[in-house]
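Q: My questions will all concern the structure given below.
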Ligand code: BG6
């Protein structure tokens, strides 16, 4: 039955990317260096263990200096897929697929190379003037992330990252400049990508260096508090500028299943999920949940939250919930800890080479839980299937990707039937890009193949995969052609 699902008539179909994984041109037009520029490709990496080593969490001033001085290693995020030079071609390909929306990020170090300047780098902004104009001319709604894993390095070495309240001033200044310049063109804004991955991404999302902290957990939560304040300040400013602007919080979904129906497993999974909801609870509901205040108290975590902060958070809750969904995780209360990296195998699911499970029901579950909890519009800001594609005869036969996406879009269709206000589907990265977690090019998500390998060798030319034509049909039929 091809008419099984009916999507809202103005549903946003598109895709999502990030500057640090696509743009390249890291030293062009005044751009400064950022946290993403020091992620070296490691050919010996163990794909399954990479995340659990928490590599993103271990940087120190010394490792950072070494990477900046390294003249021989290959740093893929400095080069991306060359979107900086090929954005017209890429936007045209998205238009050909029928996209009516495109989520991308603005590189903070292009606009403020050091992060603490008073005036922005005009050359950097000019690039986004062109990209936004191109996106709008192609008939797409631009959806902009202000900060996606690329903090100017100077803010780490000089200020210690987001745990320093000075960062409130710097990021708010940056955000206001973007809202002033693009607030009449861009309706949907996401200040922070995946705010909840603070244990995985304490370096790239909070800017914390291991040698600059005595109490890592306290600094991580203080940093996240500062990000909550920035969200609220930007929301307050946006309201005064143009009430049409919508500001969203974004989570990386961490759906956890209890390993058994043993009550201990159920409660343990609930506690781990609750720790993730916390990152949306504060910006969407306007206050800290009691279980987190208890957790802070019992774990020697002293967060500075002023009375003024509380009022600001209460009066400036955000407009929508954006989240990324890739896979579900399973927990065993006897084996696992509260560390987000601590998970167990799920015997009912298969996965890809990186151990990311395929679980569309988990997606339906996640959407439903978010809706029931917040009752705010939902944007699927990322979803997709990373695979080492085989490129032959100028294309890729990626039926595995089509299968993954099809079942996940059907999960959205089910949620729509439930009456969930879900308004956008933005699969991760329509044009192949560098992986965020492993810096591989060979972990591909795109509808379009990019001829670069893990060391940046290749022409960079673009080729349509089978999924290109499939997604084109899904969009043309507004989901009815699934
Ligand atoms: C999310 C990020 O974590 O997942 C993206 O917002 C990232 O930046 C995506 O690319 C997929 O992760 P990876 O490591 O496969 O690129």
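Q: Select, from 197, 216, the only residue that is in contact with a strand residue (DSSP E or B) (Cβ under 6 Å, 6 or more places away or on another chain) and modelled with pLDDT under 95. So that I can check it myself, show each step before the final result.
A: Details: 216 fails: in contact with a strand residue (DSSP E or B) (Cβ under 6 Å, 6 or more places away or on another chain).
The match here is 197.
Q: Sticking with this one: Search the stretch 461-482 for residues being touching a helix residue (DSSP H, G or I) at 6+ places or on another chain (Cβ under 7 Å) and surrounded by fewer than 16 Cβ atoms within 10 Å (Cβ to Cβ), and hand back the single one that is farthest from residue 326 (Cα to Cα).
A: As a first pass, look at the stretch 461-482 and keep what is touching a helix residue (DSSP H, G or I) at 6+ places or on another chain (Cβ under 7 Å): 462, 466-468, 470-472, 474-475, 479, 481-482.
Among the residues that remain, those that are also surrounded by fewer than 16 Cβ atoms within 10 Å (Cβ to Cβ) are: 466, 481.
Working: 466: 21, 481: 23 Å.
Top of the filtered list is 481.
Q: Does the stretch 190-197 contain at least one residue that is on the phi < 0 side of the Ramachandran plot, touching a helix residue (DSSP H, G or I) at 6+ places or on another chain (Cβ under 8 Å) and away from the ligand (no atom under 16 Å from the Cβ)?
A: Applying the first criterion (on the phi < 0 side of the Ramachandran plot) to the stretch 190-197 yields 190-193, 195-197.
In the following step, the residues that additionally are touching a helix residue (DSSP H, G or I) at 6+ places or on another chain (Cβ under 8 Å) were identified as 191-192, 195-196.
Those left that are additionally away from the ligand (no atom under 16 Å from the Cβ): none.
No, the conditions are met nowhere in the stretch 190-197.
Q: Tell me which residues, restricted to the stretch 274-307, are without any contact (Cβ under 8 Å) to a residue 60 or more places away in the chain and over 28 Å from residue 187 (Cα atoms).
A: 274, 289, 290, 291, 292, 293, 294, 295, 297, 298, 306, 307
Q: Only helices (runs of 4 or more DSSP H) wholly contained in the stretch 1-120 count here; list those with 3 or more residues that are away from the ligand (no atom under 16 Å from the Cβ), free of Cβ contacts under 8 Å to residues at least 40 places away in the same chain and over 22 Å from the mean Cα position of the chain (by Cα).
A: Numbers: elements: 19-22, 61-69, 83-97, 108-111.
Ranges flagged: 61-69.
Q: Name the one entry in 232, 252 that is more than 16 Å from the ligand (Cβ to nearest atom) and more than 20 Å from residue 64 (Cβ to Cβ).
A: Values: 252 fails: more than 16 Å from the ligand (Cβ to nearest atom).
Answer to the check: 232.
Q: Could you please find all residues in the stretch 445-474 being under 23 Å from the mean Cα position of the chain (by Cα) and within 20 Å of residue 92 (Cβ to Cβ)?
A: Residues satisfying the conditions are 445, 446, 447, 448, 449, 450, 452, 467, 468, 471.
Q: Among the residues of the stretch 241-262, which ones are surrounded by 18 or more Cβ atoms within 10 Å (Cβ to Cβ) and either part of a strand (DSSP E or B) or free of Cβ contacts under 8 Å to residues at least 60 places away in the same chain (or both)? If you could, list the steps in order and put the result at the bottom.
A: Within the stretch 241-262, the first condition is being surrounded by 18 or more Cβ atoms within 10 Å (Cβ to Cβ), and the residues that meet it are 245-259.
Answer for the stretch 241-262, where residues must be surrounded by 18 or more Cβ atoms within 10 Å (Cβ to Cβ) and either part of a strand (DSSP E or B) or free of Cβ contacts under 8 Å to residues at least 60 places away in the same chain (or both): 246, 247, 248, 249, 250, 251, 252, 256, 257, 258.
The values are calculated or read from the model by the stated rules, or taken from the named source; none is laboratory data. All values reported here derive from a predicted model rather than from experimental measurement. Virtual Cβ from ideal backbone geometry, glycine too; neighbours counted across all protein chains shown.
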